[in-house]
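To start, the structure under review is shown below, and the notes come after it.
The values are calculated or read from the model by the stated rules, or taken from the named source; none is laboratory data. None of these values were measured; they are calculated from a predicted model. We place every Cβ from the backbone using ideal geometry, glycine too, and count neighbours over all the protein chains shown.
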Amino acid sequence: MSGVRVLVGTRKGAFVLTSDGKRTKWDVSGPHFAGWELYHLKGSLADPNRIYASQTSGWFGQIIQRSDDGGKTWHQPGTPPGEPAPAPGAMPKGDSNKFAYDTSEKTGKPLTTHQFYDGKQHPWEFKRVWHLEPSLTDPDTVYAGVEDAALFRSTDGAKSWHELSGLRGHGTGPKWQPGAGGMCLHTIVLDPGNPQRIFVAISAAGAFRSDDAGKTWRPINRGLKSQYIPDPEAEIGHCVHRIALHPSRPNVLFMQKHWDVMRTDNAGDSWTEVSGNLPTDFGFVIDVHAHEPDTVYVVPIKSDGEHFPLDGKLRVYRSRTGGNEWEALVKGLPQSDCYVNVLRDAMAVDSLDKCGVYFGTTGGQVYASADAGDSWAPIVRDLPAVLSVEVQTLP
Amino acid sequence: MIRVVLPPHLRGLARISGEVQLDITGAATQRAVVDALEAQYPMLRGTIRDHITQQRRPFLRFFACEEDLSHESPDAPLPDAVVSGKEPLLIIGAIAGG
């Protein structure tokens with residue numbers, strides 16, 4: 001019988017929530033990596049037992065974890081527990097946690113600094129991995145979006161990482177500057193119809209696209225308008241929060257920007273606003289129904305100064321028209337005194353016949369809908385603050 | 001034999017309990033201890049000192065014999081009581097919220 005596995009990253013560990021296809025009874029395992037921040041976990045489409053996790057800490061730095069059995073056991077790639085230390089001259093272990101920016105003579109020269117809060121140039125400094133995106137076809141290939149913003153790729157199951165430095169080096173890198181949460185590459189979207197095409201988003205630089213598997217890049221921010229920057233239609237400097245697409249229509253992308261919900265029909269060459277009748281168009285998450293390319297979900301948040309739902313009512317908004325016309329989904333969600341946030345990586349959809357939708361809150365709830373958003377119920381309600389939610393649909 | 005006490009997060013990462021005991025060849029310094037620790041437990045690489053700069057992470061401190069050794073040179077000799085194994089070298093996560 002088919003089922004689902006929900007991967008939840010929180011401020012103090014990871015949790016794995018599993019259910020059969022009915023999605024009414026849940027098993028909860030965790031906390032895995034108790035006490036650590038789990039920014040993101042994501043499973044491979046090519047091998048559902050393969051899951052990658054970003055475990056991080058302000059004290060102890062970045063750890064990459066991998067599971068090869070669907071989240072039951074974990075290890076640092078290249079350093080299985082109990083294995084003896086490497087012989088002298090052998091490939092050093094612990095490299096799975098090493099994210100070294102490309103400073104090579106050939107490509108490193110223009111990559112040394114970016115703009116800082118004070119307007120001066122500042123060296124790139126690795127802090128953490130925000131997002132892990134496994135290849136759609138190869139379980140051993142995985143991309144990592146990091147802070148300070150850069151894109152890394154591993155082709156050996158996360159044992160080692162190499163920067164795709166064409167992104168930082170394409171020309172606008174020195175003008176990027178951090179948002180309030182740091183200068184992070186938080187969104188990676190792989191085009192299922194074109195393995196050469198990758199989309200990424202960076203706060204607060206904007207969205208970028210590669211058409212040659214990550215070698216070269218260009219900004220795709222035309223049509224975005226951000227009132228708080230000197231040139232509201234600048235090529236870069238936009239605070240993109242999240243991008244999502246439907247696999248059957250990869251040239252159509254939906255974006256939750258800092259303010260504004262946006263849509264492109266030409267793979268980012270130009271964007272138009274589709275906020276329509278949303279009560280507020282600030283927010284973080286956005287996702288697309290698994291079977292209906294024009295059905296889109298957002299969770300409106302009051303403002304950038306008040307990171308909680310409007311009027312204390314937690315409402316998911318759904319558009320069945322590809323934007324502009326939105327309906328509030330409230331059944332089963334708290335409609336008074338609710339002041340949680342839903343962070344950018346904390347929404348996902350499954351691909352069962354009746355699409356399931358999931359999101360997690362900074363209050364520690366993970367809500368699930370087994371009917372495409374018509375009704376909701378909490379799977380868990382007292383976890384640490386939720387940073388990310390991903391779901392795997394299991395055979 | 002040098003004794004090292006790790007913070008709970010790193011003990012969990014290395015899947016160990018209690019103190020770590022290390023044999024150091026040559027001068028017993030902070031650098032030599034962390035080198036030996038990382039060789040024995042490669043999963044700890046990057047967690048005590050940065051992968052690239054090899055600098056001690058800002059929120060980690062080295063204590064021994066009731067003294068803060070964090071700002072000593074990594075190549076300075078450790079106290080005799082640590083070298084003899086009478087006292088452990090404590091690697092401590094700073095109290096800094098969370």
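Observations on the model:
- Restricting region B:33-42 to residues that are part of a helix (DSSP H, G or I) and under 24 Å from A:Q65 (Cβ atoms), the residue that is farthest from the other protein chains (Cβ to nearest Cβ) is B:V34.
- When A:Y117 is tested against (1) under 22 Å from A:W59 (Cα atoms); (2) not in a strand (DSSP E or B), exactly one condition is not met: (1).
- Taking region B:14-43 as the range and being of a type in the set (V, I, T) and free of Cβ contacts under 8 Å to residues at least 12 places away in the same chain as the test, only B:T25 passes.
- Among the residues of region A:66-96, those that are modelled with pLDDT of 60 or more, in contact with a Pro (Cβ under 7 Å, 6 or more places away or on another chain), within 11 Å of chain B (Cβ to nearest Cβ) and part of a loop (DSSP other than H, G, I, E, B) comprise A:K93, A:G94.
- Test: B:R45 is away from chain A (no Cβ under 14 Å) and within 30 Å of A:A158 (Cβ to Cβ): no
- Which numbered condition B:L10 fails, given (1) under 15 Å from A:G94 (Cβ atoms); (2) surrounded by fewer than 20 Cβ atoms within 10 Å (Cβ to Cβ): (2)
- Residue match in region A:307-320 (condition: surrounded by 20 or more Cβ atoms within 10 Å (Cβ to Cβ) and over 29 Å from A:L38 (Cβ atoms)): yes
- The set of residues in region A:17-38 that are of a type in the set (A, V, I, L, M), away from chain B (no Cβ under 14 Å) and buried (at least 21 other Cβ atoms within 10 Å of the Cβ) contains only A:L17.
- Criterion: on the phi > 0 side of the Ramachandran plot, touching a Gly at 6+ places or on another chain (Cβ under 8 Å) and touching a residue at least 12 places away in the same chain (Cβ under 8 Å) - qualifying residue of A:G182, A:G268, A:G206: A:G206
- Residues of region A:200-216 satisfying the condition of being surrounded by 24 or more Cβ atoms within 10 Å (Cβ to Cβ) and not aliphatic (A, V, I, L, M): A:S203, A:G206, A:F208
- Selection count, region B:42-67, where residues are out of contact with any Lys or Arg (no Cβ under 9 Å at 6 or more places or on another chain) and closer than 29 Å to A:H32 by Cα: 4
- Selection within region A:44-59 - in a loop (DSSP other than H, G, I, E, B) and modelled with pLDDT of 95 or more: A:S44, A:L45, A:A46, A:D47, A:P48, A:N49, A:R50
Okay, residues lined up against (1) out of contact with any helix residue (DSSP H, G or I) (no Cβ under 9 Å at 6 or more places or on another chain); (2) in contact (Cβ under 8 Å) with a residue 40 or more places away in the chain; (3) within 27 Å of A:T141 (Cβ to Cβ):
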{"site": "A:F15", "(1), (2), (3)": "yes, yes, yes"}
{"site": "A:T24", "(1), (2), (3)": "yes, yes, no"}
{"site": "A:F33", "(1), (2), (3)": "no, yes, yes"}
{"site": "A:Y39", "(1), (2), (3)": "yes, yes, yes"}
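- Here region B:58-92 is the region considered, the condition is being within 14 Å of chain A (Cβ to nearest Cβ) and more than 11 Å from the chain's Cα centre (by Cα), and the residue that is surrounded by the fewest Cβ atoms within 10 Å (Cβ to Cβ) is B:P58.
- Top-ranked residue in region A:160-187 [being within 17 Å of the chain's Cα centre (by Cα) and assigned to a strand (DSSP E or B); ranked as surrounded by the fewest Cβ atoms within 10 Å (Cβ to Cβ)]: A:G182
- Considering the conditions (1) over 18 Å from the mean Cα position of the chain (by Cα); (2) surrounded by fewer than 22 Cβ atoms within 10 Å (Cβ to Cβ); (3) not hydroxyl-bearing (S, T, Y), A:W326 is excluded by exactly one of them, (2).
- Residue in region B:49-56 that is within 14 Å of another protein chain (Cβ to nearest Cβ), touching a Gly at 6+ places or on another chain (Cβ under 8 Å) and either assigned to a helix (DSSP H, G or I) or closer than 24 Å to A:N97 by Cα (or both) present: yes
- Within region A:39-55, considering residues that are surrounded by 15 or more Cβ atoms within 10 Å (Cβ to Cβ) and in contact with a Ser or Thr (Cβ under 6 Å, 6 or more places away or on another chain), the one farthest from A:I188 (Cα to Cα): A:R50
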